[in-house]
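Data first, discussion second: the structure below is written as structure tokens.
Values quoted throughout were computed directly from the atomic coordinates according to the rules given, and no laboratory measurement underlies them. From a predicted model like this one, the values you see are computed outputs, not experimental measurements. With ideal geometry, Cβ positions are generated from the backbone for all residues, glycine too; neighbour counts draw on all protein chains shown.
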Amino acid sequence: MNKSIRLGVTSVNEFNCKRRTMLQVLYAQQEIKIPFTPNKFVYAGNFLHLILQRVFLRNFSNVEFFYHRKSKNIKDAILLSMEIELDSIKKIWMNNTGPWKYHRQEFSNSFDIITSQLHNLALMAESLVTINNNEITSLVIQDEFTVINRINHNFQIRGKIDLVAFSETGGLRIIEYKTGTPKLEDENQIKIYGEILYSSFPDQQINLELWYSKPKFDQIQKIDQKTIGGLLQEISNLYEKSQQLNNIKKLPEQDFTSKVCQFCKLCDFIDLLEFDT
Ligand code: SF4
């Protein structure tokens, strides 16, 4: 019987390369761990996540303070609050003396990325606040909201949504923020979340948004609900195909010729599979 596996949505959202999903399944099945070294972009995404979490969920009183006492301008109040959180995160991570201390240069580079994106992020984040009779309220409900889909009894995919917020027009906003340039995988990622959520909460109005804060790309990309669907089936098909390969322990050469891509190194480890290649 095939081993039961669980994969993250970001491991199966690259449909330009179907081999990637199949390799992820096969590696997981054979318990092969692919080494992964986080770089400045990964750290930037993680730190940005922390900043938003702290500003809108933990320390929203800072935004209120800056709005009422200093600026009366919501974007500036958010930006000042984000800068405070960035400074505090910088202090913690740049003084880190644990095993992460060797990543200081990457941390420092990631803080440069964040600093260049904070202004755009604050502009977009204005939409996470509502003002009523001079009272300001955060519309954010939760961060890191986990969604799970059981593709079949042996295979589960799961993801963590960056932010869930109330929409001022009713319903919920599902937000994924990205520090890089727009990519097809980003769209696939949020569409997979949408597919899972629409089937779990059919009566709920759910709006999907991708946020890009990189200079020149600052924008909130809204995903049209009509374009959602079919990706879970596609993942299921790739899973089935990988199971056939797993059973015969042979990789067809035309599908699995090594080709190393910019951010994905999965093909580099193909020799570790107990397969006749
Ligand atoms: S290295 Fe390139 S070809 Fe190989 S799985 Fe990754 S994206 Fe696909």
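Values for this structure:
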{"read-out": "Whole-angstrom gap from the stretch 112-141 to the stretch 205-277, using each part's C-alpha centre", "value": "32 Å"}
{"read-out": "Residue of R19, R69, R54 that the Gaussian network model of the chain assigns the largest fluctuation, springs spanning Cα pairs under 10 Å", "value": "R69"}
{"read-out": "Residue exposure sequence - F217, F47 - by fewest surrounding Cβ within 10 Å", "value": "F217, F47"}
{"read-out": "Inter-label distance for R158 and Y102, nm, one decimal - labels placed 7 Å from Cα along Cα-to-Cβ", "value": "2.9 nm"}
{"read-out": "Cβ-based exposure ranking for T37, T21, in which fewest neighbours within 10 Å come first", "value": "T37, T21"}
{"read-out": "Order of I114, I34, I223, I148 under a 10 Å beta carbon neighbour criterion, fewest first", "value": "I148, I34, I223, I114"}
{"read-out": "GNM top mover of D224, D162, D76 - the chain, alpha-carbon springs below 10 Å", "value": "D224"}
{"read-out": "When each of K33/K265; K178/K214; K70/K216; K90/K216 is checked by Cα-Cα distance, pairs over 18 Å", "value": "K70/K216; K90/K216"}
{"read-out": "Per-pair calculated FRET efficiency, R0 = 41 Å: K241 and K216 via Cβ, rounded to 0.05", "value": "0.55"}
{"read-out": "Listed residues K75, K222, K250, most fluctuating in the chain (Gaussian network, C-alpha, under 10 Å)", "value": "K250"}
{"read-out": "Loop GluC sites (Glu not before Pro), the stretch 82-118 (other Cβ atoms within 10 Å of the site Cβ: 10 or fewer; DSSP)", "value": "none"}
{"read-out": "Surrounding net charge for I157, when Lys and Arg each add one and Asp and Glu each subtract one, Cβ distance under 11 Å", "value": "+2"}
{"read-out": "Chain lengthening between F275 and R69 when straightened (0.36 nm per residue, less Cα-Cα)", "value": "67.6 nm"}
{"read-out": "Net charge over other residues, Cβ less than 11 angstrom from the Cβ of R58 (K, R count +1; D, E count -1)", "value": "-1"}
{"read-out": "Net length gained if the chain between C17 and I131 were fully extended (0.36 nm per residue, minus Cα distance)", "value": "36.5 nm"}
{"read-out": "Mean ellipticity per residue at 222 nm, deg cm²/dmol - from DSSP H runs of n ≥ 4 across the chain, formula -39500 (n - 2.57)", "value": "-13000 deg cm²/dmol"}
